[in-house]
Amino acid sequence: MSGVCKLNREDALKRELADITRRSQAAEARHEELATALPEATRPLLRQIEAMQAANAANAQAWAAAERSLHDRLSAAEAHAAACGAQPILHLRNLIGHEKGSKHASTPTPVKRVLIAPQLAMKWLLAYVPG
C-alpha cells in the first residue's frame, strides 16, 4: 500500500506543479500585457502635465512682467512726486486711476486696484510719515 500511496501522492504533486506552472505563465502574460499598455495609458496624463508646466511657466513670466511694470510705475511716480513736491495721496490716487484727467489715470480693474493700492500706500506712508 505504501507504493500506491506514493504514486498517488506523486501524481497529485505533479498535477499541482503543472497547475502552478500554468498560473505562473498566465500571470507573466498578464504582466507583459499591462507593461505594454501602461505607456499608452499614461501618454495623455504626461501631455496634461507638460501643458500644466508650460502654463505655470507662462504665468510666472507674466507675474514677473507685471511686477516689473508696477515697480517702474512706482519709481516714476516717486520721481514725479519728488520733482513737483506734491502731496503723496494725490499721487497715490493718480497711480491707481482715481483722479480724472491725470495722465496716469486709466480705468484699472478692481483687481488691479486691490493689488496696486496697498503696495503704493505702504511705500508712501514709509516715505512721508516721520518715524
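What follows draws every value from the coordinates through simple rules; no lab data is involved. Keep in mind it's a predicted model, so treat the numbers as computed, not measured.
The slack between Glu16 and Ser69, meaning 0.36 nm per residue of separation minus the straight C-alpha distance, is 11.4 nm.
You can think of it this way: the chain between Ala79 and Ala54 has 5.3 nm of extra reach, that is 0.36 nm per residue less the Cα-Cα gap.
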